[in-house]
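S.K.: Sharing a structure here in structure tokens format.
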């Protein structure tokens, strides 16, 4: 099966070969002063290779469709070229000197269409540049550190979770991991779009394919192969380009019935002219012109080309859009709900102080439990322990109690770290004065306690985990498709299989297949090949089931007797430098920002005042976050939710039901999996850029469709009336396709919304 690049090169060869004879045929035919004895035969001879070899891609597609009982836009092209050529040969042999010849029309049709198809193929290839560059960013060699301290160079694909590898200055990081030694600054621009390197130190997570700028690092591999952030982003971008927006499905449906209707109109035109005028030549001219002018090339290109270019540009800006359907939702967004920690703020909480009789013991105990957590609060506690050269307490059986805290077993009992409300609910007495003082200062209090001699019996802990079997996502390359009817045919054939949901994309020549029943690769390929197309399975991955509730882990029964409170850790978060600008950009898009957080009201108000948010909802649990989003939706609002943590997963999923869920790329895997859009850069301005880019992509699609439909509505009646000859009709049809492709390519020039605003303020062009 040929690639898009191979097809573009083949079209280029046919274009180069057919252009010279076409120009000669058109010039000689149009200018009577150039007519010499026998010129008709010269024109006929020069035309034959053009209308056969040059037009073979269209003839082949038409024959293939006929074999399967379908018609495509190539059917119109093939019939138009064949009809023009056959009529001209008949006229040349038996029609006499007065008969009109249309060799130039047939040749020009082929030339214009080859130009349009070549431009289309080039656009498809260029639209995939972002994805190809993304997937090629990873380094191929890693310096693995052996247990004896020696280094060996291995292929990055040979790294395993837990391996230690060295990253030297200027090198790319081989895979996702955590720094265990060294300090440096990491250039994440190729992955996130952020131009400023990020300072890193031991304990910080780093992503594969990012570049180490100056320091030597030792990194422990945490995720390898298809589990890396780069691989996941690549899959998400590919899936987004393979899906369809509702507006595209409508266009595909119209296109699939358009060809038979045009064939009927052409036949009616031929019969009508023969009945009312008796002029065979005029009748043939009008019928052929209808076939040519109505070829829905522009209609077929209107949506997939814009989707490809738009999603490709989004990935370059560090925005991963999960599916094309999301474009429709962005148009309606009027409210955006923002989680505070890690979204509006840095999420890098700093330990301000520890209220305890023995602060070091309290901090070491908390760090031992939080070491396994990815929550920003946990990271700050671990960093504070490292800065004080404390040794975290050894723990086992770590459990995350979503939205409340964490627990783990220690020697002699159970240890807990979490929100004061959690401890109150468990019947544990906490120092209320310390908690009130911290909150009055807009800080976050975290209680540390233990339960000596606690017995982990089955009656005291409840499982809340789903053992549901995960569905499987299959990415398949599909070749030989030429129009919407081909797409519909493949989707119908695959959809007949039990437990198969298929979305086929003409522009990417791919199928995204969701399997809820077991079907092998060979079976799927056979179904597509039986429909008359080429197929190849490129990947097969398991889908993570979306959480139906925010509860993750196990819940403790209350009351817990014998608990001992060791102290209160007071933390404070910092607002991101870009958050205030992001809020302003969102308001400029007529979107109301709402701050939604589990933090206390005082701390939330301080953050809201700094960034310009007037509507604040604080002191909410994960269930409450979901309910708040649902309540806003029930009020008639279309809500976008932005979050980064496990405790945001339920709210993100709820927003996706009638709106959008956006996850920060620095957030948890659960949040990213549930979200519709991933902001890889973790810059809130990217949320505004994502909405703006999606809206502009949808606007371009609508412009394309208006042009494609308007062109056909205006031109077909002219062709029926005999006011267009085949050559003019071919030119008009080709021009419409060029306009659609050119309009879609404008999306490649979109800049991040914040940068456009800054450029406007400084007088520099965007």
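None of the figures in this text is laboratory data; all of them are computed from the coordinates on show. Remember, predicted model here, so these are calculated numbers, not experimental data. Don't worry about glycine lacking a Cβ; one is built from the backbone with ideal geometry, like all the others, and counts go over all protein chains shown.
S.K.: Can you give the extra length, in nm with one decimal, that the chain gains between residue 63 and residue 358 once fully stretched, where that is 0.36 nm per residue apart less the Cα-Cα distance? Working shown, then result.
M.R.: Values: separation 295, 0.36 × 295 = 106.20 nm, distance 8.40 nm.
Length gained, residue 63 through residue 358: 97.8 nm.
S.K.: Let me ask something additional. How do 707-720, 359-372, 421-434, 590-603 rank on mean C-beta neighbours within 10 Å, highest first? The partial results should precede the final answer.
M.R.: Details: 707-720: 18.1, 359-372: 22.1, 421-434: 16.3, 590-603: 20.3.
Top to bottom by mean Cβ count within 10 Å: 359-372, 590-603, 707-720, 421-434.
S.K.: On to the next question. Can you tell me the length gained on complete extension of the stretch residue 143 to residue 53, counting 0.36 nm per residue apart and subtracting the Cα distance?
M.R.: 27.0 nm
S.K.: How far is it, in nm, from the label point at residue 152 to the one at residue 561 when both lie 7 Å from their Cα along the line to the Cβ?
M.R.: Rounded to a tenth, the inter-label distance reads 5.8 nm.
S.K.: Among 625, 493, 332, which comes first, second and so on when ranked by fewest other beta-carbon atoms within 10 Å?
M.R.: 332, 493, 625
S.K.: Using the number of other C-beta atoms within 10 angstrom as an exposure proxy, rank 576, 340 with the fewest first. Don't jump to the answer; show the numbers that get you there.
M.R.: Details: 576 21, 340 25.
Placing the least packed residue first, the sequence is 576, 340.
S.K.: Still on this structure, I have one more. Sort 390-397, 17-24, 34-41, 582-589 by the packing proxy (mean of other Cβ within 10 Å over each peptide's residues), most packed first. Display every interim value, and only then the final one.
M.R.: Values: 390-397: 14.8, 17-24: 17.5, 34-41: 10.8, 582-589: 20.0.
Peptide ranking by packing, descending: 582-589, 17-24, 390-397, 34-41.
S.K.: Shifting gears a bit: Which value in nm describes the separation of the simple spin-label points at residue 226 and residue 587, placed 7 Å from the Cα toward the beta carbon?
M.R.: 4.7 nm
S.K.: Same structure, new question: What FRET efficiency do you get for residue 657 and residue 86 if R0 is 60 Å and r is their Cβ-Cβ distance, rounded to the nearest 0.05?
M.R.: On the way: r = 57 Å, r/R0 = 0.95.
It comes to 0.60.
S.K.: Order these peptides, 610-619, 281-290, by their mean beta-carbon neighbour count within 10 angstrom, highest first.
M.R.: On the way: 610-619: 16.4, 281-290: 24.3.
Per-residue mean Cβ counts within 10 Å order the peptides as 281-290, 610-619.
S.K.: To the nearest 0.05, how large is the calculated FRET efficiency for residue 492 and residue 13 if R₀ is 35 Å and r is the Cβ-Cβ distance?
M.R.: Values: r = 34 Å, r/R0 = 0.98.
The computed FRET efficiency comes out at 0.55.
S.K.: Just to be sure I understand the model, the point goes 7 Å from the Cα along the line to the Cβ. What's the resulting residue 699 to residue 267 distance in nm?
M.R.: 4.5 nm
S.K.: Which FRET efficiency value, to the nearest 0.05, do you get for residue 280 and residue 36 by plugging their Cβ-Cβ distance into 1/(1 + (r/R0)^6) with R0 = 35 Å? Let's see the in-between values first.
M.R.: Numbers: r = 28 Å, r/R0 = 0.79.
For R0 = 35 Å, the calculated efficiency reads 0.80.
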